[in-house]
């Protein structure tokens, strides 16, 4: 359980996060979503006490992180895949981390195996690819068998197999009752991994709700209709808040009406329908709709 | 890309461990010891200290023993003979201090430049025990290397002087004190540099700062033709450091400034300022 209360952090004149209050609950994967520069990493660093909030506070399991007798048992954090000395081997890095808490050597080799690093464990980290660095970061986070996991962009640089592995790992960890707090800029990844989402834009919380709710709230549902009588149907359906897009002959994309209503209307008028499909909005669309006003570095639309 | 490492693992968090392990200062010391010995730069630095000390001892011994000053060294009074052998044995400390100073800076600045500091401070979120752990491990390691090196250098020097008919025992008065004092100075300089490295957080800046304090400051002060400048000289880190072991057993009347023990206190004062600044900034700053 992570509890943030009115967290504010400024770097000079720039406010990184403003008045954040949220809870990350155990037993589920909580996604932390937001455009670049929204303040996700800053927030995560404040949770483990690397950055000090200007005002507000954050606790893990009821206490500030630094007050725990065995911090690595409480929280495992992957904040930056490069938080490792490049001149040291992966194994020595993990042994040094483990030694602070008197964690057994056996556990070090367990996490090396768990993250698939056996063949490179005795190599110096400087030569690691981004993906291997991520695996080492995850191994370090798992070292203390923590009840809370904080992972900042864990799939960054991983190959598809690695992405799948991380997804299964975090689902499994949440299934064991642990608290998993995961940031990612890959919205599609979040849709498949997270149960709950906290969406951040320009340092403030835009949304804090279960994934389905955010998707539902973020976009209006679209219905795809294929019919030989497309033109007639379109005339019948026309109404002030109904948007109909005819992308090709015989195909309508309708926003603002339920699939059932469209089907009933077509039946009542004796018009044949070949396809009637509600289109599920993607999290990507929901996210873009949510953060449209809160993007710090906007890319100009390609014309 | 190493394909061998991408084999998917059965998904598991590993067995839940019995949570008996605790963060402890003993654990932090072990951790810092693993960190110290698992970097090539550390091993190289210490090897260079050993090589320089032995090399300088050989050079110095030959030039002194072969009557550089035109005198017959075997005819010199015993105290002077001991002095010459000792001077040869610890001569390398002048250069060794620069090497251990660089090492002291790198121990912490290397963590800042690579990002390792975030791992270190996540494991030790109260922060000061991490700095203390580094200081203790660095101090002890440098002291041990210094003692062993100085004993070896003394052995080399004594052997060379023996060829010229000068025989000095390791157990002669003050010999062990001087050799140990020189090693202690090396250890203290390395910890001083650790403090500076923590304050400055960059390798280049930290190294420039400690070398500036050790080398440049005495030179600059020497160029100032004022009495206060020459009065200040014995209180500089490197001057006090040399005095604290080179003048052990010397007649106080022959010393212009503080004696060996007072100079040790001066060195400790430099250390205290550096470490206090490091502690305050480490605790206060974002990592």
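Residue by residue along A:153-160, Cβ atoms of other protein chains within 10 Å of the local Cβ number 1 on average. Global dimensions of region A:114-240 from alpha-carbon coordinates: Rg and Dmax equal 21.1, 71 Å. The three principal axes of the Cα atoms in region A:220-280 give end-to-end lengths of 27, 22, 20 Å, sorted in falling order.
Just counting partner chain Cβ atoms within 10 Å, what average do the residues of peptide B:104-116 show around their Cβ?
On the way: counts 0, 0, 1, 0, 0, 0, 4, 3, 0, 2, 9, 8, 10.
Per-residue shielding by partner chains comes out at 3.
Under the criterion of Cα pairs below 8 Å and six or more residues apart, the relative contact order for region A:131-281 equals 18 percent.
Using the Cα atoms of chain A to build a convex hull, what is its mean projected area in square nanometres? Kindly include the intermediate steps, with their values, before the conclusion.
Working: hull surface 80.1 nm².
Averaged projected hull area, Cα only: 20.0 nm².
Once both labels are positioned 7 Å from their Cα atoms along Cα-to-Cβ, the gap between residue A:168 and residue A:59 label points is 3.8 nm.
Spatially, region B:72-128 and region A:115-181 are offset by 39 Å when compared through their Cα centroids.
What is the list of residues in region A:244-274 whose amide nitrogen lies under 18 Å from a point 7 angstrom out from the Cα of residue A:226, following Cα to Cβ? Under cut-off, by backbone N: A:245-254, A:259, A:263, A:271-274. The calculated FRET efficiency for residue B:95 paired with residue A:52, based on their beta-carbon distance and R0 = 35 Å, is about 0.25.
Considering only DSSP beta bridges whose two residues both sit in the protein assembly as shown, what percent are antiparallel, to the nearest 5?
Restricted to the protein assembly as shown, the bridges split so that about 65 percent are antiparallel.
Remark: mean inter-chain Cβ contacts per residue of A:85-95 equal 5, using a 10 Å Cβ-Cβ cutoff to other protein chain atoms. Spread over its residues, the convex hull of the C-alpha atoms of the protein assembly as shown is 208 Å³ per residue.
Relative contact order of chain A, taken over Cα pairs closer than 8 Å and 6 or more residues apart, is 21 percent. In this simple spin-label approximation, residue A:109 and residue A:176 carry label points 7 Å from Cα along the Cα→Cβ vector, and these lie 1.9 nm apart.
Using a cutoff of 8 angstrom between alpha carbon atoms and counting only pairs six or more residues apart, the relative contact order for region A:220-280 works out to 51 percent.
Readers should treat all values here as calculations from the given coordinates under stated rules, not as data from a laboratory. The structure displayed is predicted, hence computed values, not measured ones. Positions of Cβ are backbone-derived with ideal geometry, glycine not excepted, and every protein chain shown enters the neighbour counts.
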